[in-house]
1. Between Ile98, Ile62, Ile72, which is touching a residue at least 24 places away in the same chain (Cβ under 8 Å) and either in contact with a Phe, Trp or Tyr (Cβ under 6 Å, 6 or more places away or on another chain) or not in a loop (DSSP other than H, G, I, E, B) (or both)?
2. Any residue in segment 21-47 that's in the same structural domain as Ala77 (by TED's automatic domain parsing) and over 18 Å from Ala77 (Cα atoms): show its pairings with residues that are among the β-branched types (Val, Ile, Thr) and assigned to a helix (DSSP H, G or I) at Cβ separation under 6 Å, as long as the two are six or more apart or on different chains.
3. Please work out if Ala106 is assigned to a helix (DSSP H, G or I), modelled with pLDDT of 95 or more and not polar (S, T, N, Q).
4. Do you know which of the residues in segment 6-45 that are farther than 15 Å from Ala83 by Cα and charged (D, E, K, R) is nearest to the chain's Cα centre (by Cα)?
5. Which condition does Arg117 not pass, out of (1) at pLDDT 95 or above; (2) loosely packed, with under 11 Cβ neighbours inside 10 Å; (3) not hydrophobic (A, V, I, L, M, F, W, C), if it passes all the others?
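The values are calculated or read from the model by the stated rules, or taken from the named source; none is laboratory data. Model, not experiment: these values are computed from the prediction. Every residue, glycine among them, receives a Cβ derived from its backbone with ideal geometry; neighbour counts consider all protein chains shown.
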Amino acid sequence: MSSLSDATTTVDELKNRVLAFARVRDWEQFHAPKNLSMALATEAGELMEHFLWASPEQSRQIVADPVKRAKIAEELADVVIYALEFANITGLDVAAAIEAKMAANAQKYPVEKAKGRSDKYTEL
């Protein structure tokens, strides 16, 4: 596999690689939205496990440790792979979904109200 980076790889390229990986293994038969959403949640839980009981500052230290960082990167990859395969199977356009959600979030969290605050939009 060639070396990929965020700066040079498109979402479409990633989606195609994930889809090809699943297809050559005949895994699409198992990739119903229900199953993929559950797998995604499971992998998100495995990512969170690395930070369980850590303070915010400790979590920054954990991710800075090279050995732990590699394991965290694997879990993040699993989360993104399942999210991309979910998009493949459901026909969702990831970039369009993100754009729409960011626009909605901009409405919910206007800079003048939300800057520097972690409150939910209903509490701003």
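1. Residue meeting the stated conditions: Ile72.
2. Pro33/Thr90
3. yes
4. Asp6
5. Against the list (1) at pLDDT 95 or above; (2) loosely packed, with under 11 Cβ neighbours inside 10 Å; (3) not hydrophobic (A, V, I, L, M, F, W, C), Arg117 comes up short only on (1).
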